[in-house]
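Heads up, the thing below is written out as structure tokens.
The values are calculated or read from the model by the stated rules, or taken from the named source; none is laboratory data. Quick caveat: nothing in here was measured; it's all calculated off a predicted structure. Glycine also receives a Cβ, built like all others from the backbone with ideal geometry; neighbour counts cover every protein chain displayed.
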Amino acid sequence: MRTIGAMMAGGLGVGLGLASAVPAAAQQARQVHYDLSFPDAAHHRAQIVATFRGVPAGPLRVQMARSSPGRYALHEFGKNVFAVTARDGAGRPLPLLRNDPYGWSVAGHDGTVVVSYTVFGNRGDGTYAQIDTRHAHLNPPATLMWATGFDAAPVRVRIVSPDSGWTIATQLPAVAGQPNTFAAPDLQYLMDSPIEIARQDVREWPVGEGKQRYTIRLAVHHDGSAAEVDRLAAQVKQLIPQHRKLFGEWPRFDHGSYTFLADYTPQISGDGMEHRNSTVVSTPTPLDGTNAGQLGTISHEFFHAWNVERLRPRELEPFDFTRANATPSLWFAEGVTNYYGPLMLRRAGLTDVDGWAKATAGALNTVLFSPARRNGGPQEMSLRAPFADAATSIDPVAPDVFLSYYPYGQVVALALDLSIRQRFPARSLDDVMRYLWQTYGRTERPYTPDDLRRGVATVTGDAAFADAFFAASVSGSALPDFAPLLAQAGLVLRAAAPQHGWIGAGGVVAAPAGVMLAAAPLPGSPLDAAGLDAGDRIVAVNGVAVTDPAGWSGALERLTPGATVTIRFVRQGGEQQRSVRALADPRLEIVRVEATGGTLSGKQRAFRAKWIDG
């Protein structure tokens, strides 16, 4: 089995804060070894043997993580672990004491504890594990037990693949002389290092200059041809220099490389998950030449190599695997990244202005029409992440509670960038990002929310501007008028379909003899005022039966402003009827002034070129 591993180099020394109470000599004596094998891959099972050496006297606490780097909610990875046994260094069985759902206590050992267990994994994304006869897609928190007091202990991971033709892709450096074995300096780095084991097409190329020279690696697990991977690699080569141009330098990649773990297979789930020197990017759709979906995720996640992995909020690291990890700065960490991901694609020439404008208008509509915005600004929504970040409860969440910090932060970044460019023509959000990178990112000095505000003040030279913007649009939920801001670049903000009737309906799902509203109508909309709600089953519009989602969509498409429609629906077994008067569709679009028949001025052309074209 061939190995795709990083070059051996110095690692990170970040622990969980427990090691400081333990003498250095004792820490050095502690070691952790993992042996991973897949004897029952067909049923999504991996066999793990975790060996802890240098265990001090007394019981050893071993447990599965409850959270994962890059995620902000509880995921309870222990739920997929079973058949747990323990023995000592001589092979004698040891008793396991289970007092809580998350781990075990092992007593009576001889300084070595060997824990064996089976883990089930069949969700392939950046958070969980997926094991089958085609690959092993492993996120360490979902796969590997860890022990209290061993957070600073060096780690070895040995992998036995079920197929000799599979390769291993990971940011973990390979251990010289030990085939298929990888090293981590501590628990933090281990848990931040996903592993893909499969038949993969790999492309590598150098970047950097002077002493900063690195290898970019694209490892693709897919069903297509080598030529499709070549096209994707060429697009990534075209894209990522724009990220470097923005920040002025490449990050200092540990072990000299950065790896894209790309999974484009039918059983995978769409996702992107950043890590210090790698990222998981996955979609169930195949490469198609344009690779639009894949490139959007790649651009977003690679931006994280600067923003989040090194330019990071103080609250996020070191990561605590026993609780949800949250910060009020996710609007910046994720939302600003969401702003720059598409912008990097545009500046690289991989999308056109119209495509960028359409995507940006989508985010703007999401934010402007969200009822949650009246109940919290971007910082508040950042702190609500544990309630929404791929770990939602089974009970319904009110639409007034949460607006994703991804589009929210993206729209705030758009407002901040254009406001800076309007007020301070020689400055932009690009300059703020470079300042923050130089001050906090390249030095890896975590920032606070106030540091972001002070950064804007420093770059613009206007503390009053920074204070006012953050008070209104970061702590608060106000947003500026985007029309004059976009007009600077010759972009027109207008109603997308003013001739179309609108009642505020969200999505529907098929239901017996009708369709069911999958979400509550937009608060304040005609459908909301009429009293309809999520779960109502629509059976007829204007006396015409609605039998499927297409019928409902067709009825909505025929609406005109001012028209009144009669909707018959079933709620809790009883049939009801309401009359609803449609409004003009309030949703917005962003279009080039040239497309409206107007003229792009020289000043607007120069502004657009400097901003969107980079």
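When the residues of the stretch 51-69 are narrowed to those that are in a strand (DSSP E or B) and buried (at least 21 other Cβ atoms within 10 Å of the Cβ), which ends up nearest to the chain's Cα centre (by Cα)? The residue in question is Val62.
Conditions (1) assigned to a loop (DSSP other than H, G, I, E, B); (2) out of contact with any strand residue (DSSP E or B) (no Cβ under 6 Å at 6 or more places or on another chain), marked per residue:
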| residue | (1), (2) |
| --- | --- |
| Leu218 | no, no |
| His221 | no, no |
| Val229 | no, no |
| Ala234 | no, yes |
| Gln242 | no, yes |
| Glu249 | yes, yes |
| Leu261 | no, no |
| Leu295 | no, yes |
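Matching residues to (1) closer than 30 Å to Leu74 by Cα; (2) within 23 Å of the chain's Cα centre (by Cα); (3) crowded, with 22+ Cβ neighbours inside 10 Å; (4) not aromatic (Phe, Trp, Tyr):
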| site | (1), (2), (3), (4) |
| --- | --- |
| Tyr406 | yes, yes, no, no |
| Ile420 | no, no, yes, yes |
| Asp431 | no, no, no, yes |
| Tyr440 | yes, yes, no, no |
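Kindly indicate whether Leu295 is over 18 Å from Met433 (Cα atoms) and either at pLDDT 95 or above or of a type in the set (A, V, I, L, M) (or both). It is true that Leu295 is over 18 Å from Met433 (Cα atoms) and either at pLDDT 95 or above or of a type in the set (A, V, I, L, M) (or both).
Conditions tested, residue by residue: (1) buried (at least 18 other Cβ atoms within 10 Å of the Cβ); (2) of a type outside the set (Phe, Trp, Tyr); (3) in contact with a Lys or Arg (Cβ under 9 Å, 6 or more places away or on another chain); (4) on the phi > 0 side of the Ramachandran plot.
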{"residue": "Ala466", "(1), (2), (3), (4)": "yes, yes, yes, no"}
{"residue": "Phe482", "(1), (2), (3), (4)": "yes, no, no, no"}
{"residue": "Leu486", "(1), (2), (3), (4)": "yes, yes, no, no"}
{"residue": "Ile503", "(1), (2), (3), (4)": "yes, yes, yes, no"}
{"residue": "Leu522", "(1), (2), (3), (4)": "yes, yes, no, no"}
{"residue": "Gly535", "(1), (2), (3), (4)": "no, yes, yes, yes"}
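Looking across the stretch 70-108 at every residue that is of a type in the set (Val, Ile, Thr) and closer than 20 Å to Pro140 by Cβ, the one that is nearest to the chain's Cα centre (by Cα) is identified as Val81.
Looking at this structure, is Thr3 modelled with pLDDT under 95, surrounded by fewer than 19 Cβ atoms within 10 Å (Cβ to Cβ) and closer than 30 Å to Val281 by Cβ?
Working: modelled with pLDDT under 95: yes; surrounded by fewer than 19 Cβ atoms within 10 Å (Cβ to Cβ): yes; closer than 30 Å to Val281 by Cβ: yes.
Against the criterion (modelled with pLDDT under 95, surrounded by fewer than 19 Cβ atoms within 10 Å (Cβ to Cβ) and closer than 30 Å to Val281 by Cβ), Thr3 qualifies.
For the condition within 17 Å of Thr279 (Cβ to Cβ), in contact (Cβ under 8 Å) with a residue 12 or more places away in the chain and touching a helix residue (DSSP H, G or I) at 6+ places or on another chain (Cβ under 8 Å), Gln200 does not qualify. Filtering Ile168, Ile159, Ile131 for residues that are touching a Ser or Thr at 6+ places or on another chain (Cβ under 7 Å) and aliphatic (A, V, I, L, M) leaves a single hit, Ile168.
Taking the criterion of being under 28 Å from Gly614 (Cα atoms), of a type in the set (Ser, Thr, Tyr) and in contact with a Gly (Cβ under 8 Å, 6 or more places away or on another chain), the only residue of the stretch 456-503 that qualifies is Ser473. Could you give every pair whose Cβ atoms fall below 6 Å, whose first residue belongs to the stretch 586-610 and is within 15 Å of Ala357 (Cβ to Cβ) and modelled with pLDDT of 95 or more, and whose second residue is charged (D, E, K, R) and not in a strand (DSSP E or B), counting only separations of at least 6 or pairs across chains? Sorted first by the residue in the stretch 586-610, then by its partner, the pairs are Leu600/Glu594.
Does Gly531 satisfy being assigned to a loop (DSSP other than H, G, I, E, B), surrounded by fewer than 16 Cβ atoms within 10 Å (Cβ to Cβ) and within 29 Å of the chain's Cα centre (by Cα)? No, not satisfied. Consider the stretch 153-190 and keep the residues that are assigned to a loop (DSSP other than H, G, I, E, B) and among the β-branched types (Val, Ile, Thr). The one that is surrounded by the fewest Cβ atoms within 10 Å (Cβ to Cβ) is Val160. Of the residues making up the stretch 156-191, those that are out of contact with any Lys or Arg (no Cβ under 9 Å at 6 or more places or on another chain) and among the aliphatic types (A, V, I, L, M) number 9. Taken over the stretch 37-50, the criterion of being part of a strand (DSSP E or B) and not charged (D, E, K, R) is satisfied by Ser37, Phe38, Pro39, Ala46, Gln47, Ile48, Val49, Ala50. Restricted to the stretch 117-134, and to residues there that are more than 11 Å from Ala46 (Cβ to Cβ) and surrounded by 24 or more Cβ atoms within 10 Å (Cβ to Cβ), the residue that is farthest from the chain's Cα centre (by Cα) is Gly124.
Test Ser193 against the stated conditions and say whether it is touching a Ser or Thr at 6+ places or on another chain (Cβ under 7 Å), touching a residue at least 24 places away in the same chain (Cβ under 8 Å) and part of a loop (DSSP other than H, G, I, E, B).
So Ser193 fits the description; yes.
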